Amino acid sequence: MGLLKDFTNATLFHMDCSFFTSVRFTRLSLESARFYFPAAINGGLPAQFFMMPDDKQYDFRAFIYTPQGEPQPCTEDSSWWQVDGITNDIPELQSNFRVYVSFRTSIWLDKESRERTLTIKDIGTGGFLFVSKTEFTPGDTLSALLPDARDPVFVKARIQKRRPVRREGLFGYGCQFLNLTAKAEGKIRKFVYQTEVLQAKIKEQKNS
């Protein structure tokens, strides 16, 4: 396997969120990564794809990459093929940082009155990612209840894009907050900050 044994496994998805292939990758910079394929890709690469790292099974985030050409024989191991990709779809390049979470909440689509429940998997000051067994329509707007021990927050959001998930029977969607009040934005910022600090402490304890 040569140097490839130290690289990270990932799953690639087409832009319609269907499975494409499994790869290994290494980050070259914040904006770029190198992908390694175990065989030549019949029919060539898509113009863009979602990449979901496999190192954090609880993390449902996937990032959009644009390949720079077609895979070529790998310089480190000639049995593999490699291609570089670029992205502007990673947290370090976004102004709104997000944190991993997993909690059930209620939402109401503006086009209907019934309550639905879903699971939010990450959240930031700009929006959130949720997963559900039900398909939704990008572009739809909704109201969501973000739980708080003392004062739950109701927010408006728009479903922006379907996102891939690892589990069969689940659908993932990214949402953007709409017209946040100063109070709601402040509470979300506080929640994100506190969660980020807690996760950093847990990671530090595990590594010590």
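Quick note: the coordinates plus some simple rules give every number you see, no bench work behind them. Here the structure is a predicted model, which is why all the values come from computation and not from measurement. FYI the Cβ positions are ideal-geometry reconstructions off the backbone, even for glycines, and counts take in every protein chain you see.
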TODO: Determine the relative contact order of the chain: mean sequence separation of Cα pairs under 8 Å and six or more apart, normalised by residue count, in whole percent.
DONE: 15
Open item on the list: Could you work out the percent of alpha carbon pairs in the chain separated by over 22 Å, rounded to a whole number?
Closed with: 55
TODO: Using R₀ = 25 Å, calculate the FRET efficiency as 1/(1 + (r/R₀)^6) where r is the Cβ-Cβ separation of LYS183 and ASN88; round to 0.05.
DONE: 0.20
- [ ] Among the listed pairs LYS161/LYS190; LYS156/LYS201; LYS156/LYS206, give every one whose C-alpha distance is greater than 30 Å.
- [x] LYS156/LYS201; LYS156/LYS206
- [ ] Measure nothing fancy, just the Cα-based angle from helix 182-207's long axis to the longest principal axis of the chain, in degrees from 0 to 90, nearest 10.
- [x] 50
TODO: Would you work out which of GLN205, GLY186, GLY124 lies farthest towards the positive end of the dipole of the range 98-207, given +1 charges on the beta-carbon of Lys and Arg and -1 on that of Asp and Glu, about the Cα centre?
DONE: GLN205
Open item on the list: Nothing charged except the Cβ atoms of Lys and Arg (+1) and of Asp and Glu (-1): what's the magnitude of the dipole of the chain about its Cα centre? Round to the nearest 20 debye.
Closed with: 820
Open item on the list: Cut-off is 10 Å between beta-carbons; in what order do VAL99, VAL155 appear when sorted fewest neighbours first?
Closed with: VAL99, VAL155
TODO: Evaluate 2.2 N^0.38 Å with N set to the residue count of the range 9-52, then give the Cα radius of gyration divided by it.
DONE: 1.13
Open item on the list: Test of understanding: ordering LYS201, LYS187 by Cβ neighbours within 10 Å, fewest first, what list do you get?
Closed with: LYS201, LYS187
TODO: Two decimals is fine: what's Rg over Rh for the range 100-155, C-alpha atoms, Kirkwood radius as Rh?
DONE: 0.94
Open item on the list: Based on the alpha carbons, how large is the Rg to Rh ratio for the range 98-207 when Rh follows Kirkwood?
Closed with: 0.98
Open item on the list: On a full-extension model of 0.36 nm per residue, what is the gain between SER208 and ARG104, subtracting their alpha-carbon distance, rounded to one decimal in nm?
Closed with: 34.2 nm
Open item on the list: Give me the extension gain from LEU198 to SER32: residue separation times 0.36 nm, minus the current Cα-Cα distance, reported in nm with one decimal.
Closed with: 56.9 nm
Open item on the list: If each residue of separation counts as 0.36 nm, what is the full-extension length gain between LYS133 and ASN42 once their alpha-carbon separation is subtracted?
Closed with: 29.5 nm
